[in-house]
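Chemist: This structure is in structure tokens; I'll ask about it shortly.
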Amino acid sequence: MKKTNLVSMMAIIFTSSALLMACGGGSGSGSNFLTDLADSTEVTEALSAEEVEGLLFMREEEELARDLYLDIYEAKGSRLNVFKNISDKAETKHAEAVRLLLVRYGIDDPSTGERNTYTNATLQALYDLLLNIAVGSDDLAALRVGALVEETDIGDLISREENVTTEHADIMATYENLLCGSRNHLRSFAGQIEAITGEAYVTQIPALDSAVRDILNSDKENCGR
């Protein structure tokens with residue numbers, strides 16, 4: 001997630017937060033992909049600074065999603081079991097997939113190893129803000145936080161892929177698998193939001209509106225198979 005995307009996302013969140021205060025599935029990341037990634041050891045070429053930065057950020061961003069979703073589930077209970085399913089079945093694997101790439105390329109892992117704490121100060125602030133909104137508001141607000149995280153992750157992964165060279169097919173494949181998972185997660189959150197509101201899901205990041213509508217108008221995917 002580039003800094004400009006984070007700034008835009010946080011602006012959207014602050015706006016949504018004000019409105020909220022006024023108003024008072026299969027996750028799609030197959031284990032086969034993770035096993036293949038762990039078994040592969042081939043390194044073809046040193047990473048660029050942009051590729052390294054992308055991996056460092058994505059490692060903690062995936063941990064943030066894992067932690068945030070589990071915390072929302074623990075606060076809200078089984079009626080929002082979608083958060084636990086995604087955290088346990090997908091986000092944990094996503095974070096591990098990026099960790100394996102860091103190991104393969106000899107990059108120090110930025111993870112603190114402690115739940116809800118992040119080396120990246122911007123991600124720490126974002127986690128605190130999102131948790132406050134989701135837990136301090138109703139179920140619909142929590143689901144919208146989940147959908148917003150997935151929208152942002154989709155936009156971020158697409159931008160990260162632009163910095164990956166053709167020599168690093170393992171990184172590209174990992175990002176594609178994470179994107180597939182995020183598309184499925186967005187479908188899950190949007191479906192629950194629509195079930196509550198009775199209306200079509202509205203994209204929260206305008207620049208991604210076309211991509212989001214294409215995702216929601218397509219079927220759930222089998223990722224990492």
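The values are calculated or read from the model by the stated rules, or taken from the named source; none is laboratory data. Bear in mind that the values here come from a model prediction, so they are computed numbers and not experimental data. Neighbour counts run over all protein chains shown; Cβ positions are idealised from the backbone, glycine included.
Chemist: Go through region 100-115 and report how many residues are surrounded by fewer than 16 Cβ atoms within 10 Å (Cβ to Cβ) and either among the polar types (S, T, N, Q) or within 19 Å of Glu74 (Cα to Cα) (or both).
Modeler: 3
Chemist: Is one or more of the residues making up region 116-132 within 13 Å of the chain's Cα centre (by Cα) and of a type in the set (S, T, N, Q)?
Modeler: no
Chemist: May I pose another question? Step by step: first the residues of region 191-225, then only those that are of a type in the set (S, T, N, Q) and at pLDDT 95 or above, then the one that is surrounded by the fewest Cβ atoms within 10 Å (Cβ to Cβ). Which residue is that?
Modeler: Asn217
Chemist: Looking at (1) surrounded by fewer than 18 Cβ atoms within 10 Å (Cβ to Cβ); (2) within 23 Å of Gly136 (Cβ to Cβ); (3) at pLDDT below 95; (4) not small (Gly, Ala, Ser), can you tell me which one Glu91 breaks?
Modeler: (1)
Chemist: Among the residues of region 176-190, are any polar (S, T, N, Q), modelled with pLDDT of 95 or more, farther than 30 Å from Ala49 by Cβ and in contact with an Asp or Glu (Cβ under 7 Å, 6 or more places away or on another chain)?
Modeler: Yes, region 176-190 has at least one match.
Chemist: Out of (1) in contact with a Lys or Arg (Cβ under 9 Å, 6 or more places away or on another chain); (2) assigned to a helix (DSSP H, G or I), the odd one out for Ala190 is which?
Modeler: (1)
Chemist: Let me ask something else about it. Is it true that some residue in region 163-174 is surrounded by 24 or more Cβ atoms within 10 Å (Cβ to Cβ) and part of a helix (DSSP H, G or I)?
Modeler: Yes, there is a match, as at least one residue in region 163-174 is surrounded by 24 or more Cβ atoms within 10 Å (Cβ to Cβ) and part of a helix (DSSP H, G or I).
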